[in-house]
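Here's the structure, in structure tokens; my notes come after.
The values are calculated or read from the model by the stated rules, or taken from the named source; none is laboratory data. Note that the structure is a prediction, hence the values are computed from the model and not measured. A quick note on method: Cβ atoms are made from the backbone with ideal geometry, for glycine too, and the neighbour counts reach across all protein chains shown. Note: areas computed on protein heavy atoms with side chains; ligands, DNA, RNA excluded. Shrake-Rupley method; radii C 1.70, N 1.55, O 1.52, S 1.80 Å.
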Amino acid sequence: MIYFLIFISAIFVNNIVLSQFLGICPFLGVSKKIDTALGMGAAVTFVLVLATVVTYLLQKLLILWHVEFLQTILFILVIAALVQMIEIILKKISPSLYEALGVFLPLITTNCCILGVAILVANGTNKLPVGADHNLLTGTLFALATAIGFALALVIFAGLREQLSMNKVPKAMQGTPIALLTAGLLAMAFMGFSGVV
């Protein structure tokens, strides 16, 4: 039951984008088409889960060697290496998705969502339901659920933006203003889940 609560909490209640405001750059930048949003969501999910597992284990070594001050630098290097691996794989497997993601694929390296979740899990400060232990299993589940929540918010937002592009929007609200207003309304909708867990 506790794992189910972690999953629901990270996806809906504590959504990384809509309630904690991490990962806003790709959220706004890659959300013009649903296909691109799905690709970015999948890439972020893969990198986030792998980065969380690797950084959690590295954090144990940093603590063992009493060099915790190297945490941020080491975590960024791990995330950068994983993103490079994703970039190479996408270039070979799906060149169209690679082209569609464009500059935002390398931006996963500096996506504060990935670094933030890795640090939260490694330090044991991630928001877990009462009774959950901070260990590798719950941390990995939290990272997976957080990534799914990120992808869900990104795809919903992309769908809303696609619908908005087909409607007549006042000239003063076109582009970024209507996108920010829509993101705010989506965040308020996700706030409705706050009493669930």
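See the values below:
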item: In region 82-101, the residues that are surrounded by 15 or more Cβ atoms within 10 Å (Cβ to Cβ) and modelled with pLDDT of 85 or more; result: Leu82, Val83, Glu87
item: Condition check for Gly159: in contact with a helix residue (DSSP H, G or I) (Cβ under 9 Å, 6 or more places away or on another chain) and open to solvent by 60 Å² or more (accessible area, probe 1.4 Å); result: no
item: Candidates Ile79, Ile88, Ile73, filtered to the one that is free of Cβ contacts under 8 Å to residues at least 40 places away in the same chain and over 21 Å from Gly23 (Cβ atoms); result: Ile88
item: Residue within region 36-58 that is more than 13 Å from the chain's Cα centre (by Cα), buried (at least 17 other Cβ atoms within 10 Å of the Cβ) and either modelled with pLDDT under 90 or at positive phi (or both) present; result: yes
item: Only one of Lys33, Lys60, Lys127, Lys91 that is in contact with a Phe, Trp or Tyr (Cβ under 6 Å, 6 or more places away or on another chain) and among the basic types (Lys, Arg); result: Lys91
item: Residue identified as within 29 Å of Ile6 (Cα to Cα) and either assigned to a helix (DSSP H, G or I) or not β-branched (Val, Ile, Thr) (or both) among Leu154, Leu97, Leu164; result: Leu154
item: Checklist (1) exposed (fewer than 14 other Cβ atoms within 10 Å of the Cβ); (2) at negative phi applied to Gly175, failing item; result: (2)
item: Count - residues of region 102-137 that are modelled with pLDDT under 85, open to solvent by 30 Å² or more (accessible area, probe 1.4 Å) and not polar (S, T, N, Q); result: 10
item: Any chance Leu144 is modelled with pLDDT of 95 or more and either exposed (fewer than 13 other Cβ atoms within 10 Å of the Cβ) or not aromatic (Phe, Trp, Tyr) (or both); result: yes
